[in-house]
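Since the structure comes first, as C-alpha cells, the remarks are kept for the end.
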Amino acid sequence: MTHVFHRQTKAVPPTAKRGDGVYVVDAAGKRYLDASGGAAVSCLGHSDVRVINAVKTQLDAIPYAHTGFFTNQPMEQLADFLVESAPGNLDMVYFVSGGSEGVEAALKMARQYYLEIGQPKRHRIIARRQSYHGNTLGALAIGGNEWRREQFHPMLIDATHVAPCYEYRDRRDDETVEEYGIRAADELDAAIRAAGPETVAAFVCEPVVGATAGAVPAVPGYLKRIREICDRHGVLLIFDEVMCGMGRTGHLFACQEDGVTPDLLVIAKGLGAGYQPIGAVLLDGRIYAAIRDGSGFFQHGHTYMGHPAACAAGLAVQKVIQEDNLLGNVRTQGAALRQALDTRFGNNPYVGDIRGRGLFLGLELVADRSTKEPLDPARKVNVAIKREAMARGLMVYPMGGTIDGRRGDHILVAPPFIINQSHITEIVEKLGDAIDAVLPA
Ligand SMILES: Cc1ncc(COP(=O)(O)O)c(C=O)c1O
C-alpha cells in the first residue's frame, strides 16, 4: 500500500536504499549498475563524499536564505565558475531548480529582452520536432515530443516546429553529411520568413538530442548554419543542454564541440549530479545589460532559485570533475563504451544505428536494418527491454516514439563519468542479454 502518486500507477518500483559508486542498491540488497545516470543525471555516481560533505557543510552554515533578501556564497562561486568555463559572452547566470524551470526562464528572458530593446512584436518561439524541453506548459509547448504533448494540446502556447537534425533517418543518399546539415538548418530560415521575422523571439534546440530520439548529435556545420540564420533575422538562439551538457559529451558545454555559442544556454541534471536539484540559464551579457539598463529586473522568480545547498552541490560536483579529470575519462571511456557496443551489436539484426558523443550514446532499434523499418509500436519493445535490464541489475533509458512520437524505439546509455572498463563489460553484457531476451536474433 502506498500513498505516493508514482509515475506508473500499476506497480510500485523497488526502493532505492543506498548508493555505492555507479551502483544503486535496493532495499533487498540487489545492485543495479546505473548505466543511464537515472535520466542522464548522476554523473558522479551515487556516493561521492566530497559532494555530500559540501552539502552538509552548507546546511550547517545556512540551509536557505531567500534570494529576494540575500545572495549566498556558493551561488556566487558557482556562477563565477560557469561563466569562466562557458564559451563566448555567456557572462551571467540565473539559477533555478531543474531543466523545465530553466527552459521557462530562458523563454521569458528572450521575450523580455525584446520588450526592453523596443521590439515588442517578437514573441514567437520556433523549436524542432522530436525534441524535449520539459513538462511545464511553456516547455512542453515548444518541445516536439508528440507523445508527451498530445493530451495537453488545447492548453499549449502556439509554437512552430521545424525538422530535427537526424542523419540516420533524414539524410538522402545523394547528399553529403554537410549538405544534409545545411538543408535541415535551412528549414529554420524558411520558418522564420513564413512567420515574419519581426515576430520571432527565439529558436530552441538540443545540440545533442537526448531522451526523445536517443543521443542524436547535430551533423558538422548544422549548428553553425543555425547560428547564421538566427543572426540574419535577429532571432535569439537558445541551446537546451539540460541533458547533453555539463560534461556528458566530453566537453563541459556540448556546443563547444561544434564551435557555436548560443545567446541563452540552459543546463540542469549533471550540474547537481543528483546530489541536489539545480538548473541554470547562462545568458549573453547584452541580454542582461538590456534588462539591467531597462526595467532593472526580470519579471520572473521561484522560491528556491539559487538555493545554497543546491549551489554548494553544483560547485562541489564541478570541483570533482576538474580534480579527477573526469572530462578526459568521459572521452576515453566514451570511446571504449562505443567500441564495446559496436562489437556486441554491430551485427545484431535489430540494432540499426549506434550514435552519440562521449558517454551519451544511443542505440536505435529496427525491425529491418536494410529498410530501417521500425518495430511495431504495439510490441512496446522499449518497455520490455527496460524491464529485462532491471531484472539483470542494469539501468538503461529505453524510449519509444523515436521517429515521430509514435514509431521507433531506442535505448539511451549515459553512465556516470567515473565508469571503468569492468563496468563497460558489465553494461554491454547485461544490455546484450536484455535485448536478446526481448528480440532473439
Ligand atoms: C533536454 C531536456 N530539457 C529539459 C528537460 C526537463 O528537465 P527537468 O525534468 O529537470 O524539468 C529534460 C529532462 O529530461 C531534458 O532532457
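Things worth noting here:
- Rounded to 5, percent antiparallel among DSSP beta bridges of the chain: 70 percent
- Candidates Thr136, Thr71, Thr15, ranked by Gaussian network fluctuation over the chain, Cα under 10 Å, top entry: Thr15
- Spatially proximal aspartates and glutamates relative to Lys380 (Cα-Cα < 20 Å; intrachain offsets below 8 disregarded): Glu146, Glu150, Asp353, Glu364, Asp368, Glu388, Asp404, Asp409, Asp433, Asp436
- For Gly272, distant residues with modelled amide H under 5 Å away: Ile278
- Computed from the C-alpha gyration tensor, the three semi-axes of the ellipsoid equivalent to region 249-288 are 20, 16, 5 Å, from longest to shortest.
- Between Ser295, Ser131, Ser47, the GNM of the chain built on Cα springs shorter than 10 angstrom shows Ser295 fluctuating the most.
- Prolate/oblate/rounded call for region 106-193, Cα gyration tensor, a/c under 1.5 rounded: oblate
- 3J(HN,Hα) from dihedral phi, region 431-438, Karplus parametrisation 6.51/-1.76/1.60, rounded to Hz, x for glycine, proline: 5, x, 5, 5, 5, 4, 5, 8
- Cα centroid separation, region 24-78 to region 221-243 (Å): 32 Å
- Three-way shape label, the chain, alpha-carbon gyration tensor, a/c 1.5: oblate
- When the square roots of the Cα gyration tensor eigenvalues are ordered a ≥ b ≥ c, the ratio a/c for region 231-367 is 1.5 or more and a/b exceeds b/c, which makes its shape prolate.
- Spin-label proximity, Asn89 to region 260-303 - amide N less than 18 Å from point 7 Å beyond Cα toward beta carbon: 260-266, 282-295
- DSSP-defined antiparallel bridges as percent of all bridges, region 140-296, nearest 5: 45 percent
- Couplings 3J(HN,Hα) for region 104-118, derived from phi with the Karplus relation 6.51 cos²θ - 1.76 cosθ + 1.60 (θ = phi - 60°), are 4, 5, 5, 4, 6, 4, 4, 4, 5, 4, 5, 5, 5, 9, x Hz, where x marks Gly and Pro.
- Residues whose amide H comes within less than 5 Å of that of Leu375, counting only those at least five positions distant or on another chain, are Ala367, Gly408, Asp409 (H built at 1.01 Å from N in the peptide plane).
- Remark: spin-label model distance Asp324-Arg7 equals 2.4 nm, labels positioned 7 Å along the Cα→Cβ axis.
- Computed over the alpha-carbon pairs of region 382-441, the distance histogram in 10 Å steps reads 23, 49, 25, 3 percent, short to long.
- Computed over the Cα atoms of region 22-102, the ratio of the radius of gyration to the Kirkwood radius (Rg/Rh) comes to 1.05.
- Considering region 127-267 at the alpha-carbon level, its Rg and Dmax are found to be 14.4, 41 Å.
- Integer Hz, Karplus 6.51/-1.76/1.60 couplings in order for region 16-21, x for Gly and Pro: 6, 9, 7, x, 9, x
- Based on DSSP H segments of at least four residues, each scored -39500 (n - 2.57), the chain has a per-residue ellipticity at 222 nm of -11500 deg cm²/dmol.
- Distance from the C-alpha centroid of region 160-210 to that of region 387-441: 29 Å, rounded to the whole angstrom.
- Restraint check, Lys224/Lys269; Lys17/Lys319; Lys56/Lys430; Lys30/Lys372; Lys224/Lys430, Cα-Cα greater than 29 Å: Lys56/Lys430; Lys30/Lys372; Lys224/Lys430
Every read-out reported here was derived from the displayed coordinates using simple, explicitly stated rules and does not represent laboratory data. The shown structure was predicted, so the numbers you read here are calculated from the model rather than taken from an experiment. Backbone-built Cβ (ideal geometry, glycine too); neighbour counts: all protein chains shown.
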